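Notes follow the structure.
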Amino acid sequence: MTDHTTEGLKRLALHDLHVALGGKMVPFAGYEMPVQYPAGVMTEHLHTRAQAGLFDVSHMGQVILRPKGDMAALVAGFEALMPVDVAGLPEGRQRYGLFTNEQGGILDDLMFANPGDHLFVVVNAACKAADVAHMQAHLAEVAEVEHLTDRALLALQGPGAEAALSAWVPGVAEMRFMDVRVFDTLFGPMWVSRSGYTGEDGFEISVPEGGAEGLARTLLATPGVMPIGLGARDSLRLEAGLCLYGHDIDTGTSPVEAGLTWAIQKARRTGGARAGGFPGAERILRELAEGPERLRVGLAPQTRAPMREGTALFSPDGTPLGEVTSGGFGPSVQAPIAMGYVAASHAAPGTALEGEVRGKRMAVTVTPLPFQLTTYKR
Amino acid sequence: MKYTKEHEWMRVEGDLVVVGITEHAATQLGDVVFVELPETETMVAEGDEVCVIESVKAASDILAPLDGEIVEVNTKLVDKPALVNEDPTGEAWFFKMKIDDLAALDDYMDEDEYADFIG
């Protein structure tokens, strides 16, 4: 319970607002970030699922890829970095992607959007310097890589998000899950996607830093909107079964092991129109065909004790099978929940395993993901 | 009441010492979702980890503040961990200890000293 040092940490454009709202600031990915507000993680989590929560995710990297020549060359270059169908993404749409390495591991996961004459990419805070360097190294001939440092990124999530945002930006109500649109607003040009990382319907909003506080205060003044910290962001995404880079996925995990095969469209798979041709294709395509040796699974601890990251997992006969990569308590499911990797032989839902908590083996059951049904507006 | 630097409180009840965590500690922990209590009739030494508290954020330990025997535990906390946030210095006591000499408590902070300690 000592104070965290804030020396050398960057501050968000909305830093003063977080402090004024009573946010408890902690170091995260090189930034001072609010981990919770006075309401606390549990209340913030439940409020987001019941009404609407406002998250400051400005620490994440926002990058524009602008074609030097034609857009097709940029698209082809970007597609060569990921096992993902970029060329097939229509204008006005966003898609989940992942940069892979030659070993088929994951360098980062990201969102990319096609606004028409460029691509807009949002990457994880801890990876953003490496991601920008990666894109500059591989896309130098086809794109200008612009790392934007003058825009904030806010997420408004929950069943009340549409009503709260459409009061100021009426057009957002017409958007569907993963649509992207640009709006001219009194807070500046707003780049909105209907997406998020909580399992709820909602929006991610890129806004010039100068307009960010006005937008945040306006949304927070809307009945039903509450500020939400990193603590609840983590429990919300865990309940939604979503991966956290550096925990559930990293350079040692392949997209197939991570259960992210839905992100690998048909066009990039064996037999597809543009099969392979991405880093790590050999391993990834082989794992798609033959199945991986281990898999990310949902885990339901059978006692009330949470199983945190690093908890070792065993079969009931004592064979080591893997470990928990994210774990805690799910406020909406009112039970401990976790995700982790286990040998593929023990990955079927319903499989009884054991997790070692403080030296004791406790029962835990493999369970389908997500823990909490998603409510995206398709 | 007496207080430890680990944010535990101790209250004398007859010849027993009742132990819990302070309101400051409960606030810092956040919403408590799991409590693991020690076995009764266990001899413990000062500084032993005797309970585990897990909040939505993290796991923490409660240390035995004194040498002695755990004679009673508050099983209500197992079924309702949120009591730790609701009433940390009352209903949410963790365990009762029998110790040789109650004078051992004199070494610990009183209420004013603890208030200074947490600033």
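The values are calculated or read from the model by the stated rules, or taken from the named source; none is laboratory data. Nothing here was measured: the structure is a model prediction, and the numbers come from that model. Because the Cβ atoms are built from the backbone with ideal geometry, glycine has one as well, and the counts that use them run over all protein chains shown.
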Filter the stretch A:316-350 down to the residues that are farther than 16 Å from A:Pro292 by Cβ and of a type in the set (Val, Ile, Thr) and list them by number. A:Thr319, A:Val324, A:Val333, A:Ile337
Could you tell me how many of the residues in the stretch B:14-35 are at pLDDT 95 or above and over 24 Å from A:Gln36 (Cβ atoms)? 4
For the stretch A:341-361, which positions are away from chain B (no Cβ under 13 Å) and under 30 Å from A:Arg49 (Cβ atoms)? A:Tyr341, A:Val342, A:Ala347, A:Ala348, A:Pro349, A:Gly350, A:Thr351, A:Ala352, A:Leu353, A:Gly355
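For the stretch B:1-104, list the helices (runs of 4 or more DSSP H) that sit wholly inside it and hold at least 2 residues that are charged (D, E, K, R); which are they? If you could, list the steps in order and put the result at the bottom.
Working: elements: B:23-29, B:76-79, B:83-86.
Result: B:76-79.
Scan the stretch A:305-324 for residues that are surrounded by 16 or more Cβ atoms within 10 Å (Cβ to Cβ), within 14 Å of B:Ala58 (Cα to Cα) and not β-branched (Val, Ile, Thr) and jot them down.
Kept after step one, since they are surrounded by 16 or more Cβ atoms within 10 Å (Cβ to Cβ), are these residues of the stretch A:305-324: A:305-309, A:311-315, A:321-324.
Subset that is within 14 Å of B:Ala58 (Cα to Cα): A:305-309, A:311.
A:Ala305, A:Pro306, A:Met307, A:Arg308, A:Glu309 - these are the residues of the stretch A:305-324 that are surrounded by 16 or more Cβ atoms within 10 Å (Cβ to Cβ), within 14 Å of B:Ala58 (Cα to Cα) and not β-branched (Val, Ile, Thr).
Assess whether A:Glu354 counts as being surrounded by 19 or more Cβ atoms within 10 Å (Cβ to Cβ) and among the acidic types (Asp, Glu). Full working, then the answer.
On the way: surrounded by 19 or more Cβ atoms within 10 Å (Cβ to Cβ): yes; among the acidic types (Asp, Glu): yes.
Considered against the rule, which asks whether it is surrounded by 19 or more Cβ atoms within 10 Å (Cβ to Cβ) and among the acidic types (Asp, Glu), A:Glu354 comes out as yes.
One line per residue, one yes/no per condition, for (1) farther than 26 Å from A:Glu213 by Cβ; (2) within 14 Å of another protein chain (Cβ to nearest Cβ); (3) at pLDDT 95 or above:
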site: A:Leu14; (1), (2), (3): no, no, yes
site: A:His45; (1), (2), (3): no, yes, yes
site: A:Thr48; (1), (2), (3): no, yes, yes
site: A:His59; (1), (2), (3): no, no, yes
site: A:Ile64; (1), (2), (3): no, no, yes
site: A:Ala72; (1), (2), (3): yes, no, yes
site: A:Ala76; (1), (2), (3): yes, no, yes
site: A:Pro83; (1), (2), (3): yes, no, yes
site: A:Arg93; (1), (2), (3): yes, no, yes
Tell me which residues, restricted to the stretch B:58-76, are within 11 Å of another protein chain (Cβ to nearest Cβ) and either acidic (Asp, Glu) or over 18 Å from B:Thr22 (Cα atoms) (or both). B:Asp61
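Restricting to the stretch A:281-340, name every residue that is of a type in the set (Asp, Glu), farther than 30 Å from A:Gln51 by Cα and within 22 Å of the chain's Cα centre (by Cα). First the steps, then the outcome.
If we filter the stretch A:281-340 for residues that are of a type in the set (Asp, Glu), which is where we start, we get A:282, A:287, A:290, A:293, A:309, A:317, A:323.
Now drop any that are not farther than 30 Å from A:Gln51 by Cα, which leaves A:282, A:287, A:290, A:293, A:317, A:323.
If the condition is that a residue be of a type in the set (Asp, Glu), farther than 30 Å from A:Gln51 by Cα and within 22 Å of the chain's Cα centre (by Cα), then A:Glu323 is the only one that fits.
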Only unsatisfied item for B:Val84, checking (1) more than 9 Å from chain A (Cβ to nearest Cβ); (2) surrounded by fewer than 21 Cβ atoms within 10 Å (Cβ to Cβ); (3) under 11 Å from the mean Cα position of the chain (by Cα); (4) within 24 Å of A:Ala338 (Cβ to Cβ), is (2)
